[in-house]
Amino acid sequence: MSDNKTDNRDPYKAVWVSHSSMGDFLKCPRLYYLHNVYKNDAGRKVAIVSPYMSLGVAVHNTVENLANFKSEDRMKRDLMKDYEDNWQKVSGQIGGFKSEEEEAEFKERGKRMIQRVIDNPNFLTKKTIKFPPVASNGGKVDMLPHYYLNDTENIILCGKVDWIEYVEDVDGLRVIDFKTGKNEEKEDSLQLPIYQLLLHNLQKRKVIGAQYWYLDMSDTPVDVELPSLDDAYDKVYKVAKSVFEARESEAYECPKGEAGCIHCRPYEAILRGEAKYLGKGEYKQDLYTV
C-alpha cells in the first residue's frame with residue numbers, strides 16, 4: 001500500500017479522485033468527463049441539481065455541523081432552525097424544484113430526518129475527531145483531506161468524512177456516514193474504503209469500525225464490515241488507475257455509444273443548450289436542471 005509522500009508533488013497538476021468522481025466514472029466515462037473535466041466557454045464546470053441532491057445537502061449540513069460544538073452542547077442546539085437556515089440555501093429553482101408543492105414534499109421529508117436525529121442522538125453526543133489541516137505546496141490549508149494514492153503516479157485521493165467518532169476506551173475511530181436516500185448502499189461501494197485509507201494515511205489512530213445511518217428509514221445506525229487496508233487500497237486504486245488512464249488518453253466514451261446513457265444524456269443536454277440554467281453554485285460551477 002502506498003505511503004503518503006507529498007513533499008515533491010504539485011497537487012494542482014495531479015489527477016484528483018474521490019468517491020463521487022470515481023462513482024461517475026463507473027457509471028459512464030462520458031458522465032465523468034462532462035461533470036468533472038469539461039469546462040464551458042466561461043471556464044466553469046457544470047453540474048445538474050435535483051431535489052434529491054438538495055435534500056441531502058440541507059440534511060447533511062445540519063447534522064454534520066454538530067461536530068463543530070462540544071459534545072455536551074450539540075443536542076442543545078435548535079436543529080430545526082439550523083435545518084430551516086440550510087434549506088433556504090437550496091430553496092426554489094436553485095435546488096432543482098419545479099414547483100412549490102414538490103419543494104414542500106422534500107422539505108417535510110428532511111424535517112422528519114432531523115426529528116429522528118433529535119429523538120435518537122446515538123453517537124452525536126460522544127467525542128469526535130477532525131482531520132488535521134492538509135496544506136498544499138503553496139501553504140494553503142483549505143483543501144479537502146487528501147494524500148497521494150501512489151508513490152510514482154500523480155493521483156490524489158480526497159474526501160470528506162461525514163462523522164468520525166472517537167472511541168476512547170480503545171483509542172480508535174469509528175466512521176459514520178449519513179444516508180438520506182431510500183436505498184441501501186451497495187456492498188461494493190468505494191465510500192468506506194476511501195474513508196478508511198484517508199484516515200489511515202492522515203492520522204495515527206486505528207479505524208475500528210464503520211456505520212451507515214439511514215436517516216429516512218432507521219432510528220439507529222447499522223454496522224458495516226470494513227475490508228483490510230490492502231484490500232481497500234487495491235479496490236480504490238483499480239478504479240483510480242482507470243480514471244488516470246482515461247484522462248491521459250482523453251478517452252471518455254459512453255458504453256452505450258453516441259446515443260448516450262441515462263447518466264450522461266442529461267449533461268449532453270447542457271451542451272446542446274436544452275437544460276435550464278439556474279446560476280452559479282457554491283463551488284463556482286454553473287448549475288442546471290433538465
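Some notes on this structure:
- Net charge of the neighbourhood of H263, taken over other residues with C-beta under 12 Å away and scored Lys/Arg +1, Asp/Glu -1, is +2.
- Cα-based Rg of the chain normalised by 2.2 N^0.38 Å, two decimals: 1.04
- Label-point gap, in nm, between Q88 and E250 - each point 7 angstrom along Cα→Cβ: 4.6
- For the cross-link pairs K107/K182; K81/K127; K27/K276; K127/K235, the ones whose C-alpha atoms lie over 19 Å apart are K81/K127; K27/K276; K127/K235.
- Virtual spin-label span in nm between E101 and D223, 7 Å along Cα→Cβ: 4.6
- Cα-based equivalent ellipsoid of the range 140-227: semi-axis lengths in Å, sorted from largest, via gyration tensor: 24, 17, 12
- Computed label-point distance, nm, for sites D230 and Q285 using a 7 Å Cα→Cβ extension: 3.6
- Note that the chain presents 54 Å² accessible area per residue, ligands and nucleic acids not counted, probe 1.4 Å.
- Within the accessible area of the chain, the carbon and sulfur atoms contribute 47%, probe 1.4 Å, all protein chains present.
- Packing-based order for 40-47, 91-98, using average beta carbon neighbours within 10 Å, highest first: 91-98, 40-47
- DSSP beta bridge pairing in the range 158-231, given as percent antiparallel to the nearest 5: 50
- As a calculated quantity, the FRET efficiency between L144 and C261 at R0 = 35 Å, using C-beta atoms, amounts to about 0.75.
- Under 17 Å of direct C-alpha separation, and excluding same-chain neighbours fewer than eight residues apart, K130 reaches these lysines: K70, K160, K204, K206.
- Beta bridges from DSSP with both residues in the chain: antiparallel share about 55 percent, rounded to the nearest 5.
- Estimated Rh, the range 198-290: Kirkwood, alpha-carbon pairs, angstrom: 17.9
- Among M22, M113, M143, residue whose mean-square fluctuation peaks in a GNM of the chain (springs only between Cα atoms under 10 Å): M143
- Mean projection of the Cα convex hull over all viewing directions, computed for the range 1-125: 11.9 nm².
- FRET efficiency for the T125 to E187 pair, using the beta carbon distance and R₀ = 25 Å, is estimated at 0.25.
- The convex hull of the Cα atoms of the range 12-64, projected and averaged over all directions, covers 5.2 nm².
- With the highest mean first, a sort of the peptides 272-284, 209-221 on other beta-carbon atoms found within 10 angstrom per residue produces 209-221, 272-284.
The values are calculated or read from the model by the stated rules, or taken from the named source; none is laboratory data. Since this is a predicted model, take the numbers as computed values, not measurements. Neighbour counts are summed over all protein chains in view; Cβ atoms, including those assigned to glycine, are modelled from backbone coordinates with ideal geometry. Quick note on the areas: whole protein, heavy atoms, side chains included, nothing else; ligands and nucleic acids left out. Shrake-Rupley method; radii C 1.70, N 1.55, O 1.52, S 1.80 Å.
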